[in-house]
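The values are calculated or read from the model by the stated rules, or taken from the named source; none is laboratory data. The structure displayed is predicted, hence computed values, not measured ones. Note: ideal-geometry Cβ built from the backbone for every residue, glycine included; neighbour counts use all protein chains shown. Quick note on the areas: whole protein, heavy atoms, side chains included, nothing else; ligands and nucleic acids left out. Shrake-Rupley method; radii C 1.70, N 1.55, O 1.52, S 1.80 Å.
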Amino acid sequence: MEWHDEGIVLGARKHGETSVILEVMTRAHGRHLGMVRGGRSRKAQPVLQAGNLVDLVWRARLDEHMGQFQVEALELNAARLFESACAVYGLQTIAAHLRLLPERDPHLGLYEMLGLLLAHLDEPSAAGELVVRFELMVLEELGFGLDLSECAATGRREELTYVSPKSGRAVSREAGLPWHDKMLPLPAFLIVGPGMRADLSAIEQAFRLTEFFFTRHVYGPRGLTPPDARIGFLNALRKHTAGKLHVPGDSAA
Amino acid sequence: MSKRIAGPEIERLIQLLAKVPGLGPRSARRAALHLIKKKEQLMEPLASAMGEAAEKVRVCSTCGNVDTVDPCTVCTDPRRDPTTVIVVEEVADLWALERAGAMNALYHVLGGTLSPLDGIGPDQLNIKQLVQRVSEGAIKEVIIAVNATVEGQTTAHYLTDQLGGFEVKVTRLAHGVPVGGELDYLDEGTLAAALRSRTAF
């Protein structure tokens with residue numbers, strides 16, 4: 001068995017003294033694992049860092065085997081992402097969400113979104129919104145997508161203010177008012193159409209929204225909790241907004 | 001079933017040696033034979049040294065280093081600067097920095113890095129003890145000397161967050177061109193990092 005594809009490194013686990021088990025998100029083969037012989041060498045280690053775009057050749061005797069990767073670097077993003085707390089926490093959060101997907105199941109939309117995210121993950125002003133949208137896409141791919149296009153009760157597309165915790169569908173201000181204390185607030189930037197920019201409080205609201213559905217449908221039933229890196233990511237966003245982001249190098253001066 | 005060529009004691013010795021990093025079954029057999037040949041000069045002193053080390057070795061309750069005394073030799077060395085602490089992942093990193101001899105500081109060994117893939121969170125690392133040391137007030141600078149990997153840098157950012165509330169300067173190692181490194185062979189990430197951290201000449 002053999003295939004050739006490109007992928008984004010999600011992580012690598014040591015295997016023996018010289019090899020690693022590499023975890024990648026590929027364009028056509030989904031999340032895939034494989035062994036890289038000599039992956040702990042000085043030459044290979046910079047390439048096998050999370051966030052790097054790599055060219056992959058996978059070989060195995062049988063399809064169900066883990067197989068071996070031959071890896072070549074295409075775009076080395078990791079060193080750029082190291083600099084930003086927002087980027088490293090964001091990367092860990094995304095990787096944790098992608099591990100919820102079954103292996104070898106292609107998700108082209110998520111792969112392309114992942115590529116976009118990696119390009120902007122070190123820009124806190126854009127990263128928050130992108131990570132939230134990525135989480136919504138993961139929920140969708142797992143079969144628990146939210147329908148934010150129209151009011152579940154009236155079918156209206158205006159004044160969508162809440163999300164029903166039961167159905168995961170948007171609810172208009174008028175229809176949701178009697179149950180507003182039970183409803184989840186819907187940040188305006190997530191509503192399909194307006195394309196407005198999100199501020200920090202809207203991002204935090206959106207994170208609470210996705211966390212609710214992730215916990216209820218995905219992490220809870222598997223006996224897991226949402227990744228700790230998610231809290232770190234939000235804290236990094238807050239620090240950036242407050243203008244207190246630690247700039248590496250400044251403290252050494 | 002293959003025939004046994006040595007007694008169970010020697011087989012056991014070979015099996016245990018094969019578990020040492022850098023040794024496989026073949027090299028373990030060679031090492032065992034070498035030890036047997038040099039019984040008086042090497043095998044017996046080695047066995048005695050290993051037994052003594054196994055009996056006395058302990059983890060330093062202050063910094064996480066390994067030594068035969070607690071607190072360790074590094075922590076009790078009066079010639080070291082007690083206001084600076086270098087945070088490293090493993091004891092091997094501490095030894096590497098000591099070989100470099102560039103800083104006369106104290107150390108703190110984390111025992112690994114945050115790694116969700118391996119299920120290692122903050123509670124599995126020696127982070128609380130570091131925060132405790134810093135909270136005592138004597139430390140003025142914490143140098144985070146972790147590996148330049150995503151896990152290492154996540155740990156570095158986490159530590160920076162944890163130490164944010166204290167009056168302490170948090171610094172980290174520079175990323176850049178290694179001595180003897182040729183620019184043509186360096187990955188673009190390292191080159192970009194090296195350019196960003198350039199210094200006046």
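For chain B, take the convex hull of the Cα atoms, compute a quarter of its surface area, and give me that in nm², please. Numbers along the way, then the final one.
Numbers: hull surface 70.5 nm².
Seen from a random direction, the Cα hull of chain B projects 17.6 nm² on average.
Beyond 21 Å, what percent of the Cα pairs of region A:124-192 remain?
Here the long-distance tail beyond 21 Å is 25 percent of all Cα pairs in region A:124-192.
What number, rounded to the nearest 500 deg cm²/dmol, is the helix-based mean residue ellipticity at 222 nm of chain A, given -39500 (n - 2.57) per DSSP H run of at least four residues and division by all its residues? Display every interim value, and only then the final one.
Details: 7 runs with 82 residues, N = 253.
Helices in chain A give a 222 nm mean residue ellipticity of -10000 deg cm²/dmol.
Based on DSSP, what percent of beta bridges with both residues in the protein assembly as shown are antiparallel, to the nearest 5? Could you put the intermediate results ahead of the total?
Values: 37 of 53 bridges.
Counting DSSP beta bridges with both partners in the protein assembly as shown, the antiparallel share is about 70 percent.
How far apart, in nanometres, would the label points at residue A:103 and residue A:179 be if each is projected 7 angstrom from Cα along the Cα-to-Cβ direction?
Computed distance between label sites residue A:103 and residue A:179 equals 4.1 nm.
Going by accessible area, probe 1.4 Å, with all protein chains left in place, what is the ranking of A:120, A:4, largest first?
Final ranking, largest accessible area leading: A:4, A:120.
Restricting to region A:2-76, what percent of DSSP beta bridges are antiparallel, rounded to 5?
Looking only at bridges with both residues in region A:2-76, the antiparallel portion is about 95 percent.
Quantify how strongly other chains surround peptide A:224-233 by giving the mean number of their Cβ atoms within 10 Å of each of its Cβ atoms.
Values: counts 0, 0, 0, 2, 5, 5, 0, 1, 5, 0.
The per-residue average across the peptide is 2.
Using a basic spin-label model with each label point 7 Å from the Cα along Cα→Cβ, how many nm lie between residue B:81 and residue B:98?
The two pseudo-label positions are separated by 1.9 nm.
Could you state the per residue volume, in Å³, of the convex hull enclosing the Cα atoms of region A:2-76? Working shown, then result.
Numbers: hull volume 5.6 nm³, N = 75.
That works out to 74 Å³ per residue.
Rounded to the nearest 500, what is chain B's calculated 222 nm mean residue ellipticity when only DSSP H runs of at least 4 contribute -39500 (n - 2.57) each, over all residues?
The helix contribution divided over chain B gives -12000 deg cm²/dmol.
What helices in chain B pass both tests, a Cα length along the helix axis of 15 Å or more and a mean Kyte hydropathy of -0.5 or higher, using whole DSSP H runs?
Values: long enough: B:25-37 (18 Å, -0.42); B:44-56 (18 Å, -0.33); B:150-162 (18 Å, -0.86).
Helices meeting the span and hydropathy rule in chain B are B:25-37, B:44-56.
Ratio of chain A's C-alpha Rg to 2.2 N^0.38 Å, to two decimals?
1.11
Stick to Cα atoms and the Kirkwood definition of Rh, then tell me Rg/Rh for region B:79-172.
Using Cα coordinates only, the ratio equals 0.94.
Can you give the FRET efficiency for residue B:57 and residue A:57, using 1/(1 + (r/R0)^6), R0 = 51 Å, r = Cβ-Cβ distance, to the nearest 0.05?
0.65
What ranking of B:120, A:203 comes out by heavy-atom accessible area, probe 1.4 Å, highest first?
Reading off the accessible areas and sorting them downward yields B:120, A:203.
Express the relative contact order of region B:124-196 as a whole percentage, based on alpha carbon pairs under 8 Å and six or more residues apart in sequence.
30 percent.
Between residue B:47 and residue A:123, what is the spin-label point distance in nm, taking each point 7 Å from the Cα along the Cα→C-beta axis?
6.8
State the volume of the convex hull built on the alpha-carbon positions of the protein assembly as shown, expressed per residue in Å³ and rounded to an integer.
Dividing the Cα hull volume of the protein assembly as shown by its residues yields 211 Å³.
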